[in-house]
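Novice: Okay, handing you the structure first.
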């Protein structure tokens, strides 16, 4: 079945550092791609998405570009803040008959002041 | 405001007991999902339902049961057959074709066996 692979955490950065969290997927065709964020003790919130190749999703300073040629959707932020400390999940949805979203295992980000 | 509500936030279960976790949504979403989250294991799908009165097993359905009698509600029962139920449980919902829109998640229920 389809799978999503994200870089293993934990990732620890200093405030204002550049962030990259890698994500690759195996689905064929043109799945929709998502990044979710989970703050401690809470559910997941949609951070950004892209639904076709070369689209760039962006929100709250985070960006990710849908790269069909490398089957990737890496999350980036130019200057992280302490408040960005959370777990980040990459996901893909190929549509089809079951509409299920496949998630990566999550990457824990800790930003120190 | 529309959303998805899980209750209770914290739940304690004694050995051998069944417990039911509530999930209610007022988003008019057709599909609903239950996930289990353990440290370092990401999200694992327990059950999902795309329409009222129908549901399918996910990857780890053993020891769990669900019902979908109303569009708004998708309760999860953790039975005594589930040997290691301590975990964080997340409910989600989506329109039937979620491929462009993703899921909306509840805030979770933390279940602990005492």
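The values are calculated or read from the model by the stated rules, or taken from the named source; none is laboratory data. Quick caveat: nothing in here was measured; it's all calculated off a predicted structure. As a convention, Cβ positions derive from the backbone with ideal geometry for all residues, glycine included, and neighbour counts pool all protein chains shown.
Novice: Report yes if some residue within the range A:69-84 is more than 10 Å from the chain's Cα centre (by Cα), modelled with pLDDT under 95 and at positive phi; otherwise report no.
Specialist: no
Novice: Sticking with this structure for a sec: Go through the range B:72-114 and give me each residue that's more than 9 Å from chain A (Cβ to nearest Cβ) and part of a strand (DSSP E or B).
Specialist: Within the range B:72-114, the subset more than 9 Å from chain A (Cβ to nearest Cβ) is B:72-87, B:89, B:93, B:109, B:111-114.
The answer is B:73, B:76, B:77, B:78, B:87, B:89, B:93, B:109, B:111, B:112, B:113.
Novice: Would you mind stating whether residue B:11 is away from chain A (no Cβ under 12 Å), buried (at least 20 other Cβ atoms within 10 Å of the Cβ), in contact with a strand residue (DSSP E or B) (Cβ under 8 Å, 6 or more places away or on another chain) and not in a loop (DSSP other than H, G, I, E, B)?
Specialist: On the way: away from chain A (no Cβ under 12 Å): yes; buried (at least 20 other Cβ atoms within 10 Å of the Cβ): no; in contact with a strand residue (DSSP E or B) (Cβ under 8 Å, 6 or more places away or on another chain): yes; not in a loop (DSSP other than H, G, I, E, B): yes.
In short, no.
Novice: Here's something else I'd like to know. What is the residue count in the range A:65-113 for residues that are away from every other protein chain (no Cβ under 14 Å), closer than 14 Å to residue A:48 by Cβ and in contact (Cβ under 8 Å) with a residue 24 or more places away in the chain?
Specialist: The total comes to 5.
Novice: Looking at the structure I just gave you, is residue A:109 at pLDDT 95 or above and crowded, with 22+ Cβ neighbours inside 10 Å?
Specialist: Working: at pLDDT 95 or above: yes; crowded, with 22+ Cβ neighbours inside 10 Å: no.
Against the criterion (at pLDDT 95 or above and crowded, with 22+ Cβ neighbours inside 10 Å), residue A:109 does not qualify.
Novice: Check the range B:81-89 and report whether any residue there is surrounded by 15 or more Cβ atoms within 10 Å (Cβ to Cβ), in contact (Cβ under 8 Å) with a residue 60 or more places away in the chain and within 10 Å of the chain's Cα centre (by Cα).
Specialist: Among the residues of the range B:81-89, at least one is surrounded by 15 or more Cβ atoms within 10 Å (Cβ to Cβ), in contact (Cβ under 8 Å) with a residue 60 or more places away in the chain and within 10 Å of the chain's Cα centre (by Cα), which makes the answer yes.
Novice: Assuming residue B:58 fulfils every condition listed in (1) over 29 Å from residue A:35 (Cβ atoms); (2) within 14 Å of another protein chain (Cβ to nearest Cβ) apart from one, which condition is it?
Specialist: (1)
Novice: A follow-up question, please. If I ask for residues that are under 18 Å from residue A:28 (Cα atoms) and in a loop (DSSP other than H, G, I, E, B), which ones from the range A:57-73 would you list? Spell out the reasoning first.
Specialist: In the first step, residues of the range A:57-73 are kept if they are under 18 Å from residue A:28 (Cα atoms); the result is A:65-73.
Matches in the range A:57-73: A:66, A:68, A:69, A:70, A:71, A:73.
Novice: Here is a further query. Among the residues of the range B:49-61, how many are over 29 Å from residue A:9 (Cα atoms) and surrounded by fewer than 18 Cβ atoms within 10 Å (Cβ to Cβ)?
Specialist: Looking only at the range B:49-61, we keep the residues that are over 29 Å from residue A:9 (Cα atoms), and these are B:49-57.
Subset that is surrounded by fewer than 18 Cβ atoms within 10 Å (Cβ to Cβ): B:51-54, B:56-57.
Adding up the residues that qualify gives 6.
Novice: Quick one: which residue in A:60, A:56 is without any contact (Cβ under 8 Å) to a residue 24 or more places away in the chain and under 13 Å from the mean Cα position of the chain (by Cα)?
Specialist: A:56
Novice: Select from the range A:19-42 the residues that are at the interface with chain B (Cβ under 10 Å from one of its Cβ atoms), buried (at least 20 other Cβ atoms within 10 Å of the Cβ) and more than 14 Å from residue A:101 (Cβ to Cβ) and list them in ascending order.
Specialist: Of everything in the range A:19-42, just one residue is at the interface with chain B (Cβ under 10 Å from one of its Cβ atoms), buried (at least 20 other Cβ atoms within 10 Å of the Cβ) and more than 14 Å from residue A:101 (Cβ to Cβ), namely A:38.
Novice: Out of curiosity, is residue B:68 part of a strand (DSSP E or B) and within 14 Å of the chain's Cα centre (by Cα)?
Specialist: When the stated conditions are applied, residue B:68 does not pass them.
Novice: Right, next: Can you name every residue in the range B:19-48 that is assigned to a strand (DSSP E or B), touching a residue at least 24 places away in the same chain (Cβ under 8 Å) and surrounded by fewer than 18 Cβ atoms within 10 Å (Cβ to Cβ)?
Specialist: The first filter runs over the range B:19-48 and keeps only residues assigned to a strand (DSSP E or B), leaving B:19-25, B:31-37, B:43-48.
Subsequent filtering for residues that are touching a residue at least 24 places away in the same chain (Cβ under 8 Å) retains B:19-25, B:31-37, B:43, B:46-47.
The answer is B:20, B:22.
Novice: Has the range B:25-32 got at least one residue that is within 11 Å of the chain's Cα centre (by Cα) and closer than 13 Å to residue B:105 by Cα?
Specialist: Looking for residues that are within 11 Å of the chain's Cα centre (by Cα) and closer than 13 Å to residue B:105 by Cα, one finds at least one in the range B:25-32, hence yes.
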